[in-house]
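Below you'll find the structure, written out as structure tokens, and then a few comments.
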Amino acid sequence: MEVQGFLKEQEQKIEALYKKLQFSYWNAAISGKEQAYKEYELASLEFKKFFNDKNNFQKVKEFLKTSKEELQKRQLKLLYDSYLSCQGELPILAELTKKATEVEKHSIPTGQK
């Protein structure tokens, strides 16, 4: 696969996941409801699982080495950083995500108790 096709595919997938993640965060922060925070946690984990893909991470590293265009290099560097931050064992990522959601839940005043 060529780099431009790969970037376009990544962009489309990330956009959908990111919108879902942000919408679920918005709902959780506004409502303060337990179910909304659970949906946010699941969306966050789904986002991290996407970037946990070892094969795509390897492609990003290879494309980054060979890319000559500045815009592609910038896009690949952003992808590289996102993939790098989500490497590791999925159970550990899931536990970190759960704990981060708990912190979010208790740090946003909603007026509901």
Exercise. Helices from the chain with mean Kyte-Doolittle at least -1.0 and a Cα length along the axis of 20 Å or more, per DSSP H: which?
Worked result: 3-31, 34-51, 70-85, 90-107
Seminar exercise, completed: Mean projected area, convex hull of alpha-carbon positions in the stretch 3-105, reported to one decimal in nm², is 6.6 nm²
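Between the DSSP loop rule and a limit of at most 12 other Cβ atoms within 10 Å, which GluC sites (Glu not before Pro) in the stretch 67-108 are left? Don't skip to the end; give the middle numbers.
Numbers: sites: GLU69, GLU70, GLU89, GLU95, GLU102, GLU104; in loops: GLU69, GLU89.
Sites meeting the loop and neighbour criteria: GLU69, GLU89.
Bear in mind these aren't lab numbers, they're just calculated from the coordinates by the rules spelled out. Just so you know, these numbers come straight off a predicted model, no measurement behind them. Every residue, glycine among them, receives a Cβ derived from its backbone with ideal geometry; neighbour counts consider all protein chains shown.
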